[in-house]
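What follows is a single structure, written as structure tokens, with notes after it.
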Amino acid sequence: MAIDILMPALSPTMEQGKLAKWLKKEGDQVKPGDVLAEIETDKATMEVEAIDEGVLAKILVSDGTDNVAVNTPIAILAGEGEDVSAAASSAKAPAAAAPEAQSAPTPDMQREGMADRPSPDSIPGTDARPVAEPAAPSVITNRTSYDAMAEIPEGTELVNMTVREALRDAMAEEMRKDGNVFVMGEEVAEYQGAYKVTQGLLQEFGAKRVIDTPITEHGFAGVGVGAAFTGLRPVVEFMTFNFAMQAIDQIINSAAKTLYMSGGQLGCPIVFRGPNGAAARVAAQHSQDYAAWYSAIPGLKVVSPYTASDAKGLLKSAIRDPNPVIFLENEILYGQSFPVPKLDDFTVPIGKARIHREGKDVTIVSFSIGMTYALKAAQELEKEGIQAEVIDLRTIRPLDTDTIVASVMKTGRCITVEEGYPQSGIGAEIAARIMEHAFDYLDAPVVRVTGKDVPMPYAANLEKLALPSIAEVVQAAKAVCYR
Amino acid sequence: MAVAARKAGRAGAGTANKTTPTKGSTRGAAPNTPQFDKNQDLSAYNEMLLIRRFEEKSGQMYGMGLIGGFCHLYIGQEAVVVGMQMATKEGDQVITGYRDHGHMLACGMDAKGVMAELTGRRGGLSKGKGGSMHMFSKEKHFYGGHGIVGAQVSLGTGIAFANHYRENGNVCLTYFGDGAANQGQVYESFNMAQLWKLPVVYVIENNRYAMGTAVSRASAQTDFSKRGVSFGIPGEQVDGMDIRAVYAAGQRAVEHARSGKGPYILEMQTYRYRGHSMSDPAKYRTKDEVTRMREEHDPIEQVRRRLLESWKLSEDELKAIDSKVREIVNEAAEFATHDPEPDPSELYTDILL
């Protein structure tokens, strides 16, 4: 009986990869454990091993094919005593390897509980293609009305780049500019980053400035803060912010408060960065959004970008900032591509939200991966004649109340979208601020769409239920529009 | 509890609970204790006396309601910080926990500024916003003043990291107590400091009680000089009541760290005469224990005796020193009593740069 060999996932969040190289050819006898092929993502190269014994009857996806979706059959293995040519001829048509293959949720994405997370390439202004195959450069010709575009001069060339690359470039550029900037964390140097965000930094800047730490979050957070007290500018990577709970005392009691307690003498120019929030199928201890936690603390700035362009511009600003900045990334966004301005020194100011999409009927406020639900929901709403204005907060603290309030004064309605918990969340804060500043403009109560009030479950169906969904956002928007 | 006392043979105040120090402690200097010359003894006397009188005044002002919150006095431990400062050079940094008044004075920070911070006034070193446990001076290389037990150990290791990064030849003295020595981040820091050979000296001020808990009730290994053994960090137990022993050990430790060999641990066997904080009824030890420590091991009295006996100073000369020190302290207290409270607008300053 012929066996399909499927494109494997290298990580909980991988959706596609490149079939770099076949190490066996059609007709070869293979045993379990034999390396069949090498596959690549923008993060890593891995080997595909045979699990079953047999003959490689047919290769369905050839060397060098990009964007092969996880679980696509890549070859057929004929079982023992089976007619190889018969097995090969029973092969289905090779799976399409075009980027479009990704826009529909794959079975694997469903299995990973991601089916409901909108795929980025279905959202205008984003592009899920890996950079290995760069899109033709686009140019800003038509400046849209939102202020955020003023950050990018007219005529600037845009290049597509993943969030991961944008973050890396931001660090590299700041490290080139300032010898006081260094990066430390677990696996940041030789391993090139647990999520490959620090790829290449060790090679360029050496072991003195790109420092692998032991697994010791509380300790190295304190070491970073102490170094920052002396004026160095550490970029401390947490493998994920879930692990930073071990270090939260140093972040809050030492980094955030010392300037005040010293009467302004001792600043702490440090960036704590890393993936925050739920990835996929990693359960409760690895799936928490800390935006609300850190946003409660005076003395911290909290940044959580969605696009690659904001990731780059904001990380550069964070590294230059004289204050401690919590920089919350998202693992699922790392591999997504967005146009990034090609400028020598592109920064985005901390504390400014961006109107990502204009509309007149309802304001949707979100940030980070929450934007993927918000934007997709806005598209759905448009079909029903509701024009949603989508605000990307980008910075959580200081919160850009003015942009939110101005939008609510226009639309009279607001919903918030976040993956974090409902109680004392970012949505709760926004609702309170709208009450304080725009109560008379409201035509409906502010509604929050959040992660559910439960620890993140592991089971795919339960995880999906625990996260917000596009349907929930659409429903909330319609509810505040009384539709 | 006697476990530690057995080890105390070679060093100072001993570590046993409710016992007086055993043989070999501070009265006679250990055979290899270096002698001080007259100037060293004079300087040590002045500095230790300033801390003693300052702390006595702080206690008094706390009683008068001029100082609020927590106030942890350094009385009895003066030889540790003064001796260690003698072993440092300009540029070396100091960081400690919340029993920090002595460290600030030893670093040369202004007594008026320290006292006014204790009273929460605008002329305080942190403009009245830090209080007893949180003061800093970049100019004097003093990095606090930290209220979270053990946090200063990682921070001090980070300051040493910065010295290493900048290759500036400076050493960071990182002080913590026998209580903090049981915090996890201490060992995380030890590991990184030795791994990266950071120029840090860990000074463990073992005053025998973590709040009200005797060392032997809280620590499986009461010889704190051995706390770095599994990382390969050398350590020694030091009679922390004898400033000459502190200075000599401090020189060895600082030299080790400065020469690129990495961290060094000094367990300073010392004693605090007062309670943990002002509100401590000190039921965990006998009055007799405290009295005997004061009478037989007082660090200032040891130097005073040398000044009289070896250096032939007169009682009048010592009195003159004492009144000069009192003058500084009284002036500080006067300033701290009458300096205005911070302007209400200060509430919202110094949160971000």
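Start at zero, step by 10 Å, and the Cα-Cα distances of segment A:3-92 spread as 19, 52, 26, 4 percent across the bins. Among the listed pairs B:K127/B:K324; A:K360/A:K383; B:K57/B:K324; B:K38/B:K324; B:K89/B:K319; A:K257/B:K197, those whose Cα-Cα separation exceeds 23 Å are B:K127/B:K324; B:K89/B:K319; A:K257/B:K197.
Along the Cα-to-Cβ line of A:K177, 7 Å from the Cα, sits a label point; which residues in segment A:286-326 have backbone N less than 13 Å from it? The answer is A:312-322. If you take the square roots of the eigenvalues of the alpha-carbon gyration tensor of chain B and sort them as a ≥ b ≥ c, do you get rounded (a/c under 1.5), prolate (a/b over b/c) or oblate? Rounded is the answer for chain B, as its axis ratio a/c remains below 1.5. Selection among A:A57, A:L36, A:L19 by position relative to the dipole of segment A:3-92 gives A:L19 as farthest towards the positive end (Cβ unit charges, Cα centre). For segment A:23-43, the residues whose backbone nitrogen is under 13 Å from a point 7 Å from the Cα of A:D63, taken along Cα to Cβ, are A:23-26, A:37-38. Between A:M435 and A:E382, the FRET efficiency estimated from the beta carbon spacing at R0 = 25 angstrom works out to 0.35.
Between the beta carbons of B:S323 and B:K261, assuming R0 = 60 Å, the FRET efficiency works out to 0.85 to the nearest 0.05.
The slack between B:E139 and B:E167, meaning 0.36 nm per residue of separation minus the straight C-alpha distance, is 8.1 nm. Shown for A:V181, A:V454: other C-beta atoms within 10 Å of each C-beta, ranked fewest to most, produce the order A:V454, A:V181. Sorting B:K127, A:K410 from the fewest to the most surrounding beta carbons within 10 angstrom yields A:K410, B:K127. In the elastic network of chain B, a GNM with C-alpha springs shorter than 10 Å, the most mobile of B:V254, B:V201, B:V229 is B:V229. For the residue pairs A:K58/A:K196; A:K208/B:K261; A:K43/A:K352, the alpha carbons lie more than 23 Å apart in A:K58/A:K196; A:K43/A:K352.
Per-residue extension of 0.36 nm, minus the Cα-Cα distance of A:S424 and A:E157, leaves a gain of 92.0 nm for this segment. With kT/(6 pi eta Rh) evaluated at 10 °C and eta = 1.306 mPa s, and Rh the Kirkwood radius from Cα pairs, chain A diffuses with a coefficient of 67 µm²/s according to Stokes-Einstein.
A convex hull fitted around the alpha carbon atoms of the protein assembly as shown yields 185 Å³ per residue.
Normalised Debye scattering of segment A:129-341 at q = 0.15, 0.17 Å⁻¹ gives log10 I(q)/I(0) of -0.95, -1.19, counting only Cα atoms as equal scatterers and leaving out solvent. The per residue volume of the convex hull around the alpha-carbon atoms of segment A:324-475 is 141 Å³. Think of segment A:129-341 as a dipole: +1 on every Lys or Arg Cβ, -1 on every Asp or Glu Cβ, centred on the Cα centre; then among A:Y191, A:G179, A:A292, A:G179 lies furthest on the positive end.
Simple spin-label estimate for B:N39 and B:E334 gives 3.2 nm between the two label positions (7 Å along the Cα-to-Cβ direction from each Cα).
Rounded to the nearest 20, the Cβ-based charge dipole of chain A about its Cα centre (Lys and Arg +1, Asp and Glu -1) stands at 1240 debye. When +1 charges are put on Lys and Arg Cβ atoms and -1 charges on Asp and Glu Cβ atoms, the dipole computed for the protein assembly as shown relative to its Cα centre reaches about 2920 debye.
Counting every other Cβ atom within 10 Å of each residue's Cβ, A:S304, A:S295 order from fewest to most as A:S295, A:S304. Of the GluC sites (Glu not before Pro) found in segment A:333-406, those in coil by DSSP whose Cβ has at most 16 other Cβ atoms within 10 Å are A:E358, A:E384. Translational diffusion of segment B:74-161, estimated by Stokes-Einstein from the Kirkwood radius over alpha carbon pairs at 10 °C in a medium of 1.306 mPa s, is 122 µm² per second.
FRET efficiency for the pair B:N46 and A:K208, taken as 1/(1 + (r/R0)^6) with r the Cβ-Cβ distance and R0 = 45 Å, rounds to 0.60. Each residue, B:K312 and A:D52, gets one label point 7 Å from its Cα in the Cβ direction; the gap between the two is 10.4 nm.
FYI, it's all coordinate maths here, none of it is from the lab. Predicted model, so just to flag it, every value in this text is computed and none were measured. Neighbour counts run over all protein chains shown; Cβ positions are idealised from the backbone, glycine included.
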